[in-house]
1. Output the relative contact order of the range 258-376, whole-number percent, from Cα pairs under 8 angstrom with separation of 6+ residues.
2. Multiply the residue separation of residue 194 and residue 403 by 0.36 nm, subtract the distance between their alpha-carbon atoms, and state the gained length in nm to one decimal.
3. Using the C-alpha atoms of the range 2-138, what convex hull volume per residue, in cubic angstrom, is computed?
4. If I model a spin label as a point 7 Å beyond the Cα along the Cα-Cβ vector, how far apart are those points for residue 387 and residue 296 in nm?
5. At a 1.4 Å probe, what is the % contribution of carbon and sulfur to the accessible area of the range 275-432?
6. What is the distance, in nm, between label points placed 7 Å from the Cα along the Cα-to-Cβ direction at residue 346 and at residue 103?
7. Provide the gained length on full extension for the span residue 38 to residue 62, in nm with one decimal, where the gain is 0.36 nm per separating residue minus the Cα-Cα distance.
8. Give me the accessible area of residue 56, 1.4 Å probe, in Å² rounded to the nearest 10.
Amino acid sequence: MTIQYLKRGKTLAERTEDDEKVRETVKAALKDIELNGDAAVRKLSEKFDKYSPPSFLLSESEIESLISKVSDRDMADIKFAQEQVRRFAQAQRASMTDIEIETMPGVILGHKNIPVQSVGCYIPAGKFPMVASAHMSVLTASVAGVPRIVATTPPFKSSPNPAVVAAIHMGGAHEIYVLGGIQGIGAMAFGTETIRPVDMLVGPGNAFVAEAKRQLYGRVGIDLFAGPTETMVIADETVDAEMCATDLLGQAEHGYNSPAVLVTNSRKLAEQTMEKIKHLLTILPTAETASKSWKNYGEVIVCDTHEEMLQVANEIASEHVQIMTDRDDWYLENMRSYGALFLGPRTNVANGDKVIGTNHTLPTKKAGRYTGGLWVGKFLKTHSYQKITTDEAATKIGEYGSRLSLLEGFVGHAEQCNVRVRRYGHKNIPYGEAAE
């Protein structure tokens, strides 16, 4: 087995040190919001976004005014994208059914899928106005039937971005706040004098947003840990360096710490891709950002076989995995840890990010080992119930329940069962003895 790194990014120790700095900043800011509410939120907004309006909540007239600034073409494009996301989310929702079965005569068991009652959706917009993130969180929550959908989004160039606000509104949000980063996340989780808290936080964001969600998990639910974007290209010589380089840099432009990894069994393709990246970084308008990500987080890994490539890919568990090989369906069958797959050269991560219909809020930092991405099911809670409808069933289940409770030493539990056996089975069982 030969796995060679032609390029490495920051070491795990260096990345851990960066994470610790973010962790301390977030901890202090969240504590301030919890203790000081609106005053802390405003202070943080002024500090990080230089934004301090009379109210962070957009009124209906403000929303209408912002939407009027969106061109007809842009509105049509947003509607098209939302229709694709809605169609897929509706199909996912239809696949989740309530059930009720009779496991034995007189014993009814079932479950109901109930929407989370209030959700806070974070839509990034500080550096790039992430219009698509509104579809992925707000619209999907709406399809799930969430009765209160709150959205926060940072100002873009000192004011709310019209296209982002339009997408949030069209997606079905009930409240829209122009708040970014930690202050937006913290305000929705803790609540303030003017913002009611939510039950769950969803949506992508930078390292500070991801860390805020991590620290708040438990107090509120979260969708998943969706921090700085990650991309992996798995390629062989069926594609060329231009396509590989473009797909890597297309995601590296997200931020200064966006991992981009090429895994290939062709040293020639690996070397040509690195050369092509150098060239593209001289002409890409977002090269300042992309070049830092590539320098510090870019990796090129050359393997001997597809089996080795698969092993590396599953270990890294990247958020986006672009597969362009002579056996794409083999990877679909065998990949186990990832956010989303993009199969074949005709598709790409940008399709998934913006328009094709799958959700772009995906697990990062190896979270793909234990969770998938955001989808309509994340907004639903599956709750079970039970009922017993006959004396015979109550007696039989009660007898088993009594003995099994005493097996564990729970006398009170046993008595809960025994009282039903006495009541419905007409048996006289002294307290603390198991039903026979």
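The values are calculated or read from the model by the stated rules, or taken from the named source; none is laboratory data. The structure displayed is predicted, hence computed values, not measured ones. Because the Cβ atoms are built from the backbone with ideal geometry, glycine has one as well, and the counts that use them run over all protein chains shown. For accessibility, only protein heavy atoms count, side chains too; no ligands or nucleic acids. Shrake-Rupley method; radii C 1.70, N 1.55, O 1.52, S 1.80 Å.
1. Numbers: 157 pairs, mean separation 27.3, N = 119.
23 percent.
2. Details: separation 209, 0.36 × 209 = 75.24 nm, distance 5.37 nm.
So the chain would gain 69.9 nm between residue 194 and residue 403.
3. Numbers: hull volume 44.0 nm³, N = 137.
It is 321 Å³ per residue.
4. For residue 387 paired with residue 296, the spin-label model returns 5.9 nm.
5. Working: 4320 of 8340 Å².
For the range 275-432, the apolar C and S fraction of the accessible surface comes to 52 percent.
6. In this crude label model, residue 346 to residue 103 measures out at 4.7 nm.
7. Working: separation 24, 0.36 × 24 = 8.64 nm, distance 2.08 nm.
Length difference between fully extended and current span is 6.6 nm.
8. 20
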